[in-house]
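Asker: I have a structure I would like to understand better, so I am pasting it below and will then ask my questions one at a time.
The values are calculated or read from the model by the stated rules, or taken from the named source; none is laboratory data. Small disclaimer: the values here were computed from a predicted structure and weren't measured. Cβ placement follows ideal geometry from the backbone for every residue including glycine, while neighbour counts extend to all protein chains displayed. For the accessible areas, the whole protein counts, side chains as well, though only heavy atoms, and no ligand, DNA or RNA atoms are used. Shrake-Rupley method; radii C 1.70, N 1.55, O 1.52, S 1.80 Å.
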Amino acid sequence: MAELRNVGIIGTGHYVPQKVVTNFDLMKMVDTSDEWIRTRTGIRERRIADENTATSDLAAQAAERAIQDAGIDADDIDMIIVSTVTPDMNFPSTACIVQEKIGAQRAFAFDIEAACSGFIYGLTIAQQFISTGYCDTALLVCADTLSKITNWEDRNTCVLFGDGAGAVVLGAVSEGYGLLSTVMGADGRGGQSLNMPGGGSRMPLSKEVLDKKLNTIHMNGQDIFKFAVKVMAGASIEVLEKCNLKPEDVDFLIPHQANIRIIDSAVKRLSLSYDKVYVNLDKYGNMSSASIPVALDEALKEGKIHKGDVVLFVGFGAGLTWGSAVVRWAK
Ligand code: ACO
């Protein structure tokens, strides 16, 4: 078998809708306060797509920016992976819709569903295809319009989420650079803690599903909180050990942006200093799997990541799922 190639991120891009919904706007919709939302979550505002905008619209914009950043053409892409829990429709896949929108006609395309862990899952999948030489260039787009499955009368959930898309282009990179290790995990026993019970084959859309708002996000916040605190630090340590690194070797941490208290706890457990951690959840809320690639693109554009830096990604989400990746920045 031919030697495996090193795989890295060679382009990034993101796109968020223009409409900003602040905590003060939410106070007009549910019994909440800016103070409660800020102190419990760290979120100040989020972006919300308009009624005519679907997930693929955000995804295509982010994808085009990442392709441009990579200095390639859409025609150069061999594979498209879209990570989403809010596909445009059940089928065809949102990846096929994005393929058509961006004109990447040579690419094969499919969706993955690992909720907020989708970026790590997607990176790992793309790595397998490129490292073996099955293909050369992959586009991974993480995009969600969670606003479309939010119950805007439920204060427990509607304050947490936002819409957005983050994209990366992956390709072969020099030895020693790119993805050094990844870990992924799942525990289906916790599936009930965060789900959308209605609208699938278990409970197809019906008047009852709509009346009971079962086609929206249902969450046990405390269960998710406890799980997240445990796996954020656990998965980070595991992925670092896998490539013989220690937390002190990390130059930059980009965690899933769900709750500042969850990020704080991971940062403390890893003994990292805050100038090595990127946080943008105050502006966007939790954008599911788009959170990490949007943060990555912003951090790069702000000049916070340099060639050779060890960058750690870690996320968790519905499933339950989790994942972490270590990259030596190649660009
Ligand atoms: N405004 C005001 N009060 C509120 C609000 C709100 N928006 N939401 C809940 N409350 C109330 C509750 O009703 C409760 O009142 P009670 O004591 O009278 O019953 C009180 O605040 C405390 O509620 P808790 O659930 O104990 O609050 P907690 O400190 O746990 O914070 C939160 C809740 C922010 C949801 C937290 O549990 C959390 O962040 N969990 C993780 C959620 C998460 O990350 N989800 C995304 C996972 S990733 C993915 O796959 C999408």
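Asker: Just to be sure I follow: if Rg is taken over the C-alpha atoms of the stretch 39-97 and Rh is the Kirkwood radius over the same atoms, what is Rg/Rh?
Answerer: Reported Rg/Rh, Kirkwood definition of Rh: 1.07.
Asker: Between Rg and the Kirkwood Rh of the stretch 82-154, both from Cα atoms, what is the Rg to Rh ratio?
Answerer: That ratio equals 1.03.
Asker: If you take the alpha carbon radius of gyration of the chain and divide it by 2.2 N^0.38 Å, what ratio comes out, to two decimals?
Answerer: Relative to the 2.2 N^0.38 Å estimate, the chain comes out at 0.94.
Asker: Measure nothing fancy, just the Cα-based angle from helix 221-242's long axis to the longest principal axis of the chain, in degrees from 0 to 90, nearest 10.
Answerer: 10
Asker: When the label point is put 7 Å from the Cα of S201 along its Cα-to-beta-carbon vector, which residues of the stretch 105-120 have a backbone N closer than 16 Å?
Answerer: Flagged as within label range: 113.
Asker: Another question, if that's okay. Return the FRET efficiency for the residue pair N151, S174: r is the Cβ-Cβ distance, R0 is 45 Å, and the value is rounded to the nearest 0.05.
Answerer: So, using R0 = 45 Å, E works out to roughly 0.40.
Asker: Over the stretch 180-328, average the accessible area per residue using a 1.4 Å probe and give it in Å², no decimals.
Answerer: 44
Asker: Also: Rounded to the nearest 5, what is the percent of antiparallel bridges among the DSSP beta bridges in the chain?
Answerer: Restricted to the chain, the bridges split so that about 70 percent are antiparallel.
Asker: Moving to a separate point now. With each run of n ≥ 4 DSSP H residues scored as -39500 (n - 2.57), what mean residue ellipticity at 222 nm is computed for the chain after dividing by its residue count and rounding to the nearest 500 deg cm²/dmol?
Answerer: -9500 deg cm²/dmol
Asker: Can you give the accessible area per residue of the stretch 6-176, in Å², using a 1.4 Å probe?
Answerer: 41
Asker: A further question follows. Compute the semi-axes of the equivalent ellipsoid of the stretch 180-328, taking the square root of 5 times each eigenvalue of the Cα gyration tensor, and list them largest first in whole Å.
Answerer: One finds semi-axes of 32, 16, 13 Å for the stretch 180-328.
Asker: Taking the Cα atoms of the stretch 6-176 alone, what are Rg (to one decimal) and Dmax (as a whole number) in Å?
Answerer: 17.4, 54
Asker: Please list H306, H14 from largest to smallest accessible area, probe radius 1.4 Å, with all protein chains kept in place.
Answerer: Solvent-accessible surface, decreasing: H306, H14.
Asker: Turning to a different aspect of this structure: By how many degrees, 0 to 90 and rounded to 10, does the Cα axis of helix 291-301 deviate from the longest principal axis of the chain?
Answerer: So the helix axis and the longest Cα principal axis differ by about 50 degrees.
Asker: Where does each of D111, D50 land when they are ordered by accessible area, with a 1.4 Å probe and the largest first?
Answerer: Result of the area sort, largest leading: D50, D111.
Asker: According to a simple spin-label model (label point 7 Å from Cα along Cα-to-Cβ), what is the distance in nm between T39 and E3?
Answerer: In this crude spin-label approximation the distance works out to 5.8 nm.
Asker: Rank G199, V231, L253 by how far each Cα sits towards the positive end of the charge dipole of the stretch 191-255 (+1 on Lys, Arg Cβ; -1 on Asp, Glu Cβ) and give me just the farthest.
Answerer: Checking the options against the dipole of the stretch 191-255, the answer is G199.
Asker: On the protein heavy atoms, probe 1.4 angstrom, tell me the percent of accessible surface of the stretch 180-328 carried by carbon and sulfur.
Answerer: About 51 percent, which is the carbon plus sulfur part of the accessible surface.
Asker: Carbon and sulfur together cover what percent of the accessible area of the stretch 51-140 at a 1.4 Å probe radius?
Answerer: Ligands and nucleic acids excluded, carbon and sulfur give 46 percent.
Asker: For the chain, what does the relative contact order come out to in percent, with C-alpha contacts under 8 Å and a separation of six or more?
Answerer: This gives 25 percent for the chain.
Asker: Please report the spacing between the Cα centers of the stretch 214-252 and the stretch 54-85 in Å, no decimals.
Answerer: After rounding, the separation between the Cα centres reads 27 Å.
Asker: Could you name the lysines in cross-link range of K213, using Cα to Cα under 23 Å and dropping any fewer than eight places away on the same chain?
Answerer: Counting by Cα, and skipping residues close in sequence, K213 has these lysines nearby: K28, K148.
Asker: Given R₀ = 45 Å, FRET efficiency for D31-K246 by Cβ-Cβ distance, to 0.05?
Answerer: E(calc), rounded to 0.05, equals 0.45.
Asker: On average over all directions, what projected area in square nanometres does the stretch 146-223 have, based on the convex hull of its Cα atoms?
Answerer: If you wrap the Cα atoms of the stretch 146-223 in a convex hull and average its projections, you get 8.1 nm².
Asker: I've got another one for you. With just the Cα atoms defining each centre, how far is the stretch 109-131 from the stretch 134-181? Give it in Å.
Answerer: 10
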